[in-house]
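Novice: Encoded as structure tokens, here's the structure I'll be asking about.
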Amino acid sequence: METTINTNIAHYPTRSIKNNTWNNLLAILDNQAGNKTAWYLVTLVLQGVLFLPIPAVLMYYYHAPIFVLPITFGLYLGSIIVGMGGSGIRVIIGWLLMSMLINLGMLAVYIF
């Protein structure tokens, strides 16, 4: 009777790891793990300076509906929660990119 677990690698099929764009992007994000606090602060400053005024501009000049305000403010509060909640660097940068796309999309919809 065998008392140890046999972890012979020959039983498992071999998988080749492909070096594609997605793996390169994840490697770049993982290299930024030491700068997580800096990315968190950049996220807050960028959203606070560039994106929080968007609802005022859209509602005053382009007569956008009121729901652009809770969307923008919710994305900003989400950034605070993501950063202070101990999320990884992939989540912090991903949230920044997602909120940028949503805010720029709202600008594009109501201006054009």
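Here, each number is a calculation from the coordinates, and none is a lab measurement. A quick note: this is a predicted structure, and the numbers were derived from the prediction, not measured. Because the Cβ atoms are built from the backbone with ideal geometry, glycine has one as well, and the counts that use them run over all protein chains shown.
Novice: Please compute the length gained on full extension between Phe67 and Ile28, using 0.36 nm multiplied by the number of residues separating them and subtracting their Cα-Cα distance.
Specialist: 10.5 nm
Novice: How do Ile66, Ile93, Ile102, Ile111 line up, fewest other C-beta atoms within 10 Å first?
Specialist: Values: Ile66 8, Ile93 20, Ile102 15, Ile111 11.
Going from least to most buried by this count: Ile66, Ile111, Ile102, Ile93.
Novice: Sticking with this structure for a sec: Report the gain in length on full extension from Val91 to Phe112: 0.36 nm times residue separation, minus Cα-Cα distance, nm rounded to one decimal.
Specialist: 4.5 nm
Novice: When Lys and Arg each count +1 and Asp and Glu each count -1, what net charge do the other residues less than 15 Å away from Val82, Cβ to Cβ, add up to?
Specialist: +2
Novice: What list do you get for Met59, Met84, Met98, Met106 if you sort them by fewest beta carbons within 10 Å?
Specialist: In order of increasing Cβ crowding within 10 Å: Met84, Met98, Met59, Met106.
Novice: Next question, about the same structure. Among Lys18, Lys36, what is the fewest-to-most ranking by other Cβ atoms within 10 Å?
Specialist: The fewest-first ordering by Cβ neighbours comes to Lys18, Lys36.
Novice: While we're on this one: Tell me whether segment 33-111 comes out rounded, prolate or oblate; compute the Cα gyration tensor, take square roots of the eigenvalues as a ≥ b ≥ c, and use a/c under 1.5 as the rounded threshold.
Specialist: Prolate shape, in that a/c is at least 1.5 and a/b is the bigger ratio.
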